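Down below is the structure, laid out as structure tokens.
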Amino acid sequence: MRIKIFYLHVLLFYLVTSCTKDAEPEMKHYPIIQTSDVTNIDSKGATFNAEIINIGIDNIIQYGFVFDTQEPGIDVSFNKTLVTKAQEGKFSITLNDNLAGNLDYIVKAYARTGTNIIYGNEVEFHSKGSQWNPWDLCSHPIMDGWDIALGMSNSSYGFILFQGEDFY
């Protein structure tokens with residue numbers, strides 16, 4: 001009987017000392033951002049919305065939104081930066097330029113730290129144009145003999161190239 005009690009104590013000691021503490025969640029070193037739906041979409045622009053869910057421990061030196069018709073990124077797309085100090089919570093910006101009408105855009109919130117650029121999720125919306133960009137994309141323009149045309153614009157300039165090599 002003493003041997004059984006001895007082995008029981010050894011087994012109990014082994015179980016108590018071999019248990020490890022449950023893993024604790026790690027604090028993320030980078031911000032966590034969520035892009036929300038675009039609101040107030042009209043011919044004068046649109047409002048981009050997002051939320052900083054976790055500020056992280058790295059200092060955010062810049063944050064805002066990037067948008068484009070395909071995969072937006074900070075170095076290759078239009079962007080709007082907020083100049084206020086970043087803090088957890090919702091933020092938004094109303095855009096009244098750089099949006100052509102009748103186009104589908106993708107927008108993402110972003111935050112830049114000293115070493116990383118962190119993007120939120122992608123949100124797609126259909127633009128109705130903007131106050132300072134009067135260009136609209138016509139999916140089926142009536143060319144009256146001019147044939148196929150391609151065009152592009154920014155907030156200051158635009159061009160149209162026709163299949164017959166006319167360029168405006």
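Read-outs throughout are calculated quantities, based only on the coordinates presented, and are distinct from any laboratory measurement. Keep in mind that what you see is a predicted model, and the values were worked out from it rather than measured. Note that we place each Cβ from the backbone using ideal geometry, even for glycine, and neighbour counts take in every protein chain shown.
A few points about this structure:
- Amide N proximity, the stretch 38-77 versus H126 label position 7 Å along Cα-to-Cβ, cut-off under 14 Å: 41-43
- Placing pseudo-labels 7 Å out from each Cα toward the beta carbon at E24 and K85 gives an inter-label distance of 2.7 nm.
- Working from label points 7 Å from Cα in the Cα-to-Cβ sense, the I117 to N59 distance is 2.1 nm.
- Computed from label points 7 Å out along Cα-Cβ, the spacing between D42 and S92 is 1.4 nm.
- Anisotropy class of the stretch 32-134 from Cα gyration tensor, a/c 1.5 cut: prolate
- Rounded if a/c under 1.5, otherwise prolate or oblate - the stretch 53-102, Cα gyration tensor axes: prolate
- Among the trypsin sites (Lys or Arg not before Pro) found in the stretch 38-91, those both in a DSSP coil and sparsely packed, with 16 or fewer other Cβ atoms within 10 Å of their Cβ, are K44, K85.
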